[in-house]
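Notes for the one structure printed next.
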Amino acid sequence: MEVVLAEASVKQTWITKFLTEYVRESGFMPYMGTGVGSIIRIRNELKDAGGAYINVPLITRLKGRGVRGSEVLKGNEDDLGNLNDQIRIDWLRNAVKVPKSTSYKTDIDLFDAAKDQLRSWDAEVLRDDIIGALMSVIIAGAPDVNGIAGNDSAVDYFLANASQRNAFLVNNADRILFGKSKSNASSGVWATALATIDNTDDKLTAATAKLAKRMAKTAGNTTGTHIRPFKSDATAGREWFVMFCNSMAFRDISEDSTIIQANTQARAREGDGIERNPLFQDGDLLYNGIIFREIPEIPTFSNGTIDVGMNFLCGQSAVGVAYGQDPTLRIDLKEDYEFRPGVAIEELRGIKKVSYGGQQYGVVTLINAAVADA
């Protein structure tokens, strides 16, 4: 029994390390966590409870003025909004064959032989699923008989039809920015707004990023939900957001004169300053409370004239990742008379851009010029 327990403990340690490593390789790890302030929020409730969906409820803020002095409160109460989003989980699996060229004394030896390939695959799928969720078109849920909004659904951007994209734009007019100007989306027609983007005025710049941050800070002031910064310092009046950028947009923001000047004049060079200054080193950029992180796998596409791409200014709970089962290892020793054992990884999870009432909750989507290098 002690041997069995020890083996189980070793396997669990292996799985935990595997999960940590593949999440790190996805490129999103610094912003993933179980806390409410995480940009990509991990939910684990279904591991113990079971089920196919996890609920992401939201109690909305009070918007009424209240009453003053001797005014009557009865009849002037505020409605307490109660919204909900759902993340559906499903199985994700892959396996590799391990030739019996080496003697594997334990299951862990066999796992280790296949670990690198499976980890890289899992990291790529996680990354691509998060990108797909950020790009997705949110479809507002139909209200029930009491007028309460149903759960939203998400459609892959490249599979969404014109009507779905247009409705998404109208519902998210305060949190989608085409090019450098909010007026580019005034038509309420996605294709028309997309066509306004050119390679002269609509690259990702410091000015455009600051506009997107202002949109994030003012979203929901009149209707809908707020976008909350993923980190803030109320004493100093600082609020932080993260922008995930495609490679062409990251190139453009890196070459923006305002960004270069800020890093030239404001970043320390003493001590290990050179190691941290993006003028000398590759890595994230920092400006005006925005961390710019390059995600090379964010795709670009044509607007009919030039290539464009999406960038995502994110606050809290922009994306939800729900786990019903952590990555679990399986071994098949029977293939080819036990000469080619198979090692599989399986997990139960789902990913969705968090949304309520047809509005994406924690993200401003920017669409900018993304013309490839000549």
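Couple of notes before you dig in:
- With a requirement of 3 or more residues that are surrounded by 16 or more Cβ atoms within 10 Å (Cβ to Cβ), the strands (runs of 3 or more DSSP E) lying completely within segment 129-245 that satisfy it span 137-141, 150-155, 176-178, 238-245.
- Enumerated helices (runs of 4 or more DSSP H) restricted to segment 246-338, each holding at least 1 residues that are at pLDDT below 95 and more than 20 Å from Asp202 (Cα to Cα): 257-266, 273-276
- Complete set of residues in segment 3-58 that are over 21 Å from Arg88 (Cα atoms) and either β-branched (Val, Ile, Thr) or at pLDDT 80 or above (or both): Val3, Val4, Val10, Thr13, Ile15, Thr16, Thr20, Met29, Pro30, Tyr31, Gly37
- Any hit, segment 177-189, residues being of a type in the set (A, V, I, L, M, F, W, C) and over 30 Å from Glu255 (Cβ atoms): yes
- The one condition in (1) at pLDDT 90 or above; (2) under 23 Å from Gly309 (Cβ atoms); (3) among the acidic types (Asp, Glu) that Glu124 fails to fulfil: (1)
- Segment 343-371 - residue that is at pLDDT 95 or above and either of a type in the set (Phe, Trp, Tyr) or farther than 21 Å from Ser317 by Cβ (or both) and, of those, surrounded by the fewest Cβ atoms within 10 Å (Cβ to Cβ): Val371
- Of the residues making up segment 67-85, just one is at pLDDT 75 or above and on the phi > 0 side of the Ramachandran plot, namely Gly69.
The values are calculated or read from the model by the stated rules, or taken from the named source; none is laboratory data. The structure presented is a predicted model; accordingly, all values stated were derived computationally and were not measured. Glycine also receives a Cβ, built like all others from the backbone with ideal geometry; neighbour counts cover every protein chain displayed.
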